[in-house]
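Just so it is clear, none of the values below were taken in a lab; they were calculated from the coordinates. Keep in mind that what you see is a predicted model, and the values were worked out from it rather than measured. Cβ atoms come from the backbone with ideal geometry, glycine included; neighbour counts cover every protein chain shown.
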Amino acid sequence: MLIAGIDDAGRGPIIGPLVIAGVLLDDKDVHLLKSLGVKDSKQLSPQRREQLAQEIKGIVINYHVERLSPAEIDRVVETGRKLHRLNRLEAHTMAKVIEALRPDVAYIDASDVLADRFGAHVSEKLTIKVKVISEHKADVTYPIVSSASIIAKVERDREIRELAQRFGDLGSGYVTDPKTVDFLERWLAQHGSYPDFVRKSWRPARELRSDAQSRQSKLS
């Protein structure tokens, strides 16, 4: 039986894409993932994640990655309730990953507070017959989902590094990171508006921009 694990990375940041990854494996080979010591990507150092990602890709039958750009996220969030709309967008993107992999069973880490509802949103977009198992903390429970979590995180980290090489140190992309806030404030001061790799619909982004405009008006 072919199984897939699906997980995301970068749901909450103000900078960069939301990355969703999936891996495909025969269920009799899950022990190979366990032998690598895979676990939730947040529990691993960046170096260990990079190493494991390469090893996972060498074991699985296939893997697939989808990216949701800040512009795609903004379009959805600005047309309705942020959390609800983002959940639906992510569920539908997970369905794309599942269709690309074509497993018999797909284990997904649910983003909705109601795991069953999230699974239903994924299933409704599938055009192939797949059993969807949607659970909270699936990246901790199932090695196949942990593996997807690792690949998703490595892919997002790589994109953030590429942005930093082009535009300077922007931190982790989370608004809790002082480097990220400093980067955004400096960018606004220089350009007056955000670059396309910023989620403009996020409340912290709107607040930073409002503060920058207020300061500019006082100087005028």
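List the number of the failed condition for Ala106; all other conditions in (1) under 30 Å from Ser35 (Cα atoms); (2) in contact with a Phe, Trp or Tyr (Cβ under 6 Å, 6 or more places away or on another chain) hold.
(2)
Within segment 91-111, is even one residue touching a helix residue (DSSP H, G or I) at 6+ places or on another chain (Cβ under 7 Å) and of a type in the set (Phe, Trp, Tyr)?
yes
Could you list, in sequence order, all residues of segment 89-122 that are surrounded by fewer than 18 Cβ atoms within 10 Å (Cβ to Cβ) and in a helix (DSSP H, G or I)?
Within segment 89-122, His92, Lys96, Glu99, Ala100, Asp116, Arg117, Ala120 qualify.
Scan segment 83-95 and tell me whether some residue there is among the basic types (Lys, Arg) and touching a residue at least 60 places away in the same chain (Cβ under 8 Å).
no
Among all residue pairs at least 6 apart or on different chains, which show Cβ distances below 6 Å where the first residue, located in segment 102-116, is touching a residue at least 24 places away in the same chain (Cβ under 8 Å) and the second is surrounded by 15 or more Cβ atoms within 10 Å (Cβ to Cβ) and among the hydroxyl-bearing types (Ser, Thr, Tyr)?
Note: pairs meeting the criteria are Tyr107/Tyr142; Ile108/Ser134; Ala110/Ser134.
Condition first: in a loop (DSSP other than H, G, I, E, B) and either surrounded by 12 or more Cβ atoms within 10 Å (Cβ to Cβ) or of a type in the set (S, T, N, Q) (or both). Now tell me which residues in segment 163-177 satisfy that.
Matches in segment 163-177: Leu170, Gly171, Ser172, Gly173, Tyr174, Val175, Thr176, Asp177.
Would you point out the residue of segment 178-200, among those that are assigned to a helix (DSSP H, G or I) and of a type in the set (Phe, Trp, Tyr), that is surrounded by the most Cβ atoms within 10 Å (Cβ to Cβ)?
This residue is Phe183.
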